[in-house]
Amino acid sequence: KPCPLCDEAKEVLEPYKRRFILQEVDITLPENSAWYDKYKYDIPVFHLNGKFLMKHQVDIQKFEDELMKLELQND
């Protein structure tokens with residue numbers, strides 16, 4: 001904290017918020033030390049449906065494609 005990169009990513013994802021649930025993980029908390037060890041130099045990191053998707057910034061095309069795939073699977 002603060003995390004300007006995280007704030008920027010949340011702004012980019014804002015128009016999609018009705019299509020997915022954003023779960024934020026504070027990797028600096030002791031209970032998240034495994035995430036810290038893995039991603040301390042790569043924030044923000046994005047997983048979608050439990051799978052790694054992207055890091056550093058939102059690749060909106062990749063995000064839209066993967067979100068659409070999940071939505072089609074669930075229909």
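The values are calculated or read from the model by the stated rules, or taken from the named source; none is laboratory data. Please read all numbers here as calculations on a predicted model, not as lab measurements. Positions of Cβ are backbone-derived with ideal geometry, glycine not excepted, and every protein chain shown enters the neighbour counts.
Among the residues making up region 38-65, a single one is surrounded by 12 or more Cβ atoms within 10 Å (Cβ to Cβ), in contact (Cβ under 8 Å) with a residue 12 or more places away in the chain and of a type in the set (Lys, Arg): 55.
Residue count for region 9-47 under the criterion of being modelled with pLDDT under 95 and in a strand (DSSP E or B): the result is 0. The combined condition, being of a type in the set (A, V, I, L, M, F, W, C) and out of contact with any strand residue (DSSP E or B) (no Cβ under 8 Å at 6 or more places or on another chain), is not fulfilled by residue 45.
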